[in-house]
Amino acid sequence: MIANTKMTSGEDAPVMLELKDATVAFGMGSDAYVVLDQANLQVKENEFVAVIGYSGSGKSTLISTLAGLITPVSGAVQYRGKPMPPPGPDRGIVFQNYSLLPWLTVVGNIDLAVKRLRRDLTRSARRDYVQKYIDMVNLTGSEKKYPSELSGGMRQRLSLARTLSMQPEVLLLDEPLSALDALTRSVLQDEIIRLWEEDRRTVVMVTNDVDEAVLMADRIVPLTPGPGAKLGREFEVTLSRPRDRTTLNFDPEFKHLRNEATRYMLQLSADSKTRRETRRFTLPDLEPANLSG
Ligand code: ADP
Ligand code: MG
């Protein structure tokens, strides 16, 4: 085992990101749509948190709030114990919709960020540096392609490489692997974990896959179905690292956690359906008027 020189997350690790009774809404006045309702979340330094939730529950909104792109209408969002500053390169985001620059190649998209942040590198060192990240996400051979010439999965990998190349303190990943085929997905899961174990960062990753969350995270935080989502019951993942996907499937703790989290998510969905149904109007029992009489 390589000793980790950086502090690992633990009980006494400082809080890196925090939501305090944060309410996030779109629109104004009576038209306002409340996405997060007095949500509370603490992410410790170097912790890997997975957020799971149904589509439309507010996961992307949560990521944007943690990046400083959206300001809560009430409550607070903090970064290292201070009000969240505007977005910066210290908080790297991988958006769900790639957000690549269409007029730049694979190399160009990564180099754009690197050029600005790594002025210490010579031209050739920078070229090697960019290539390292291209190779890491298996885009070797596609260096000169433009985003329009890449598949969805390739764009997502490019987006991930670009963000990783910035070596941000905080990584905010919005379903970075959801568009990928199963094989590429598992390769990248391993790659992200490997990088994270090598050089710990604070990670908040949205996923739609409970197994992925258990495999990768220290803690799983479910988002309750919206509108007005909150962060639900948390699941601590105490499985030792490195985690081996091939043997994990037989690990009783893994199976237990996966079942618990899945059961909880299904329960959340059932509860929200019941709430919706009880909100429906009950129509009065009317008889048509007898017009002929
Ligand atoms: P998720 O990522 O979990 O699928 P989102 O955070 O994207 O969910 O969206 C949560 C809710 O907020 C959805 O109902 C969506 O329609 C709404 N929403 C998201 N962004 C905006 C916006 N910019 N303006 C208005 N409504 C929005
Ligand atoms: Mg989303």
Among residues of the range 232-264, those that are within 20 Å of residue 63 (Cα to Cα) and at pLDDT below 95, counted: 2
Check on residue 87, within 20 Å of residue 173 (Cβ to Cβ) and either open to solvent by less than 20 Å² (accessible area, probe 1.4 Å) or out of contact with any Cys (no Cβ under 8 Å at 6 or more places or on another chain) (or both): yes
Considering residues of the range 178-201 that are assigned to a loop (DSSP other than H, G, I, E, B) and touching a residue at least 60 places away in the same chain (Cβ under 8 Å) only, the residue surrounded by the fewest Cβ atoms within 10 Å (Cβ to Cβ): 199
First in the range 202-221 and open to solvent by 20 Å² or more (accessible area, probe 1.4 Å), second anywhere and part of a loop (DSSP other than H, G, I, E, B) and of a type in the set (Val, Ile, Thr), Cβ under 9 Å, 6 or more apart: 218/237; 218/238
Per-region count, the range 30-48, residues surrounded by fewer than 23 Cβ atoms within 10 Å (Cβ to Cβ) and either within 16 Å of ligand 2 (Cβ to nearest atom) or farther than 23 Å from residue 237 by Cα (or both): 7
Filtered residue count, the range 75-84, keeping only those that are open to solvent by 50 Å² or more (accessible area, probe 1.4 Å) and assigned to a loop (DSSP other than H, G, I, E, B): 2
Residue satisfying all of: in the range 60-69; surrounded by fewer than 23 Cβ atoms within 10 Å (Cβ to Cβ) and within 13 Å of ligand 2 (Cβ to nearest atom); nearest to residue 26 (Cα to Cα) among these: 61
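The values are calculated or read from the model by the stated rules, or taken from the named source; none is laboratory data. Note that the coordinates shown come from a computational prediction; the quantities given were computed from them, not determined experimentally. Neighbour counts run over all protein chains shown; Cβ positions are idealised from the backbone, glycine included. To get the accessible areas, we keep the full protein, side chains included, count just its heavy atoms, and leave off ligands, DNA and RNA. Shrake-Rupley method; radii C 1.70, N 1.55, O 1.52, S 1.80 Å.
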